[in-house]
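No lab work stands behind these numbers, since they all come straight from the coordinates. Quantities reported herein were computed from a predicted structural model and do not represent experimental measurements. Here the Cβ is made from the backbone with ideal geometry for all residues, glycine too, and neighbour counts use every protein chain on show.
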Amino acid sequence: MSIGSLMRTSVSGMNAQATRLSAVSDNIANSNTNGYKQSTTEFSTQILAHSSGQYNSGAVDANVRTLVSQQGGITYTANSTNSKKVDLAIQGNGFLVVDDGSGGNFLTRAGAFTQQADGSLVNAAGYKLMGYPVTAGGTDYTLNGYNGLKEVNMGANLLSANPTTKGELTANLDMGAEKVDTTAAGVVIPSAISGTTTADTKITYTSASSITVYDNSGKAVKLDVYYTKIGDNKWEMSVFNAADASPSTGTNASTTAPFPYGKSAGTGTAPLKTSTLEFDATTGKLKTIDAAAVDTASKNGFFDVDLTGVNGQKIALNISDFSQYTKEYSPLVAKVDGNPAEVIDKVSIGTDGTVTATFTSGTTRDLYKIPLAMVQAPDNLIQVSGNAYSAGVESGTILMGFGGDNGFGDLLSGALEESTVDLASELTTMIESQRSYTANSKVFQTGSEIMDVLVNLKR
């Protein structure tokens with residue numbers, strides 16, 4: 001073995017330990033960085049060919065690997081319903097998708113986001129959180145790429161009004177209620193109120209309730225809903241716009257109080273919509289609506305109310321879960337979409353990534369759905385600045401999904417993933433590397449001294 005080869009081998013050893021110490025330095029510096037993944041150094045030998053009479057020392061190569069797939073501990077914070085600061089952690093597989101501001105998409109597990117002046121959510125590295133906007137048609141996303149992703153922006157939803165287009169209404173109608181006798185003198189049911197009303201007109205119905213919906217400007221529209229039993233297992237459902245109600249006094253005062261849609265002069269106000277509901281006598285379930293079998297898939301389980309004449313939309317109310325039991329009238333569900341023009345009070349994020357805003361009036365609306373991204377070999381992702389990663393050939397292609405689905409982890413709101421660095425382990429590694437570096441330097445020093453001996457032979 002040549003003395004020069006000996007010295008080169010010891011230099012490679014020192015370089016390898018220096019690389020290891022650099023990784024340790026990064027780990028220690030980021031021991032408190034949310035979502036940071038520990039790096040480890042692996043060594044491999046480099047062998048030179050040698051004969052039986054002469055040995056040629058090789059070298060050592062240091063390879064730094066980042067354990068991206070390693071799960072960090074979860075710490076819960078108070079930022080679970082605050083639209084100004086959103087903390088997200090992933091328990092299991094997956095990464096948040098972020099944007100660098102120049103159209104580049106990256107992956108990260110660093111989920112501490114703060115709302116900026118423009119409404120975007122940005123983490124400490126300056127990356128913006130990405131998600132799919134939730135529209136009336138649902139969420140449109142692709143499995144193998146970033147198409148359709150938009151910046152999650154809370155400011156864009158301030159003071160935004162959305163009209164009601166759909167809802168769900170469920171109630172139990174009393175099977176034992178008395179049937180209204182429409183043949184009796186002066187008796188008129190709500191669906192027939194468009195005829196002339198007089199002081200002798202008696203508006204008769206069985207049960208009533210009200211719901212609030214929203215027009216195109218976000219104005220609340222009160223709808224009065226009347227249920228009238230007109231036969232065995234048969235009811236009429238009529239909906240009125242409360243704005244059309246007659247005053248209690250004056251020229252156009254209602255003559256049919258407490259029913260407010262009759263007038264002392266002219267004709268009464270017709271309902272916006274009336275349908276005949278028929279129930280199964282045995283099960284008590286809703287069987288038909290206007291003689292059409294109840295089927296939510298074909299829209300036959302819906303009661304449609306048209307508000308286009310009052311600056312609104314056509315509203316599809318799902319009433320397929322109505323029932324008729326021998327029990328007093330009981331409203332069970334009354335939910336509609338849409339919201340008035342107002343500011344967001346708080347937000348909540350589900351484990352599937354759905355961002356739901358609660359407005360100051362108490363109404364709610366789904367704004368975005370935050371996806372998770374996976375690759376086949378996460379430990380081979382390409383690291384970029386800001387505790388983020390980029391997919392490459394070795395990591396595999398991107399697969400998009402949502403929390404809790406098909407191997408994806410759960411998205412936890414109001415929580416952060418801790419660094420996977422163990423300080424005690426890193427300090428131990430640092431001591432080992434320091435000693436190995438010193439030993440390699442001693443070998444180099446010994447080779448240098450032997451070279452000095454050879455040089456001195458000439459003297």
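Quick notes
- The chain - mean residue ellipticity at 222 nm from DSSP helices (-39,500 (n - 2.57) per run, n ≥ 4, rounded to 500): -5000 deg cm²/dmol
- Cα gyration tensor shape of region 166-336, rounded if a/c is under 1.5, else prolate or oblate by comparing a/b with b/c: oblate
- Length gained when the stretch A185-Y329 is fully extended (0.36 nm per residue, less Cα-Cα span): 49.2 nm
- Dipole axis of the chain (+1 Lys, Arg; -1 Asp, Glu on Cβ), positive-most option in N63, A185, L332: N63
- Using alpha-carbon coordinates, inclination of helix 423-456 to the longest axis of the chain, degrees: 20
- Correct option for Rg/Rh (Cα atoms, Kirkwood Rh) [calculated from the coordinates] among [x] 1.06; [y] 1.29; [z] 0.97: [y]
- Förster radius 25 Å - calculated FRET efficiency between L143 and K85 (Cβ-Cβ, nearest 0.05): 0.20
- Modelled FRET efficiency - R0 45 Å, M175 with S361, Cβ distances, 0.05 increments: 0.80
- Alpha carbon centroid spacing (whole Å) that separates region 365-437 from region 295-362: 39
- Taking 0.36 nm per residue of separation and subtracting the current Cα-Cα distance, fully stretching the chain between K234 and A281 would add 15.9 nm.
- At R0 = 35 Å, FRET efficiency that the Cβ-Cβ distance of D118 and Q383 yields, to 0.05: 0.80
- If the Kirkwood radius is taken over C-alpha pairs of region 1-64, then at 4 °C and 1.567 mPa s the Stokes-Einstein diffusion coefficient equals 96 µm²/s.
- Amide hydrogen neighbours beyond the local backbone of I344, cut-off 5 Å, H modeled: L159
- Helix 3-29 and the long axis of the chain differ in direction by around 30°, with both axes built from C-alpha atoms.
- The dipole here belongs to the chain: it is taken about the Cα centre, uses +1 on the Cβ of Lys and Arg and -1 on the Cβ of Asp and Glu, and is about 740 debye.
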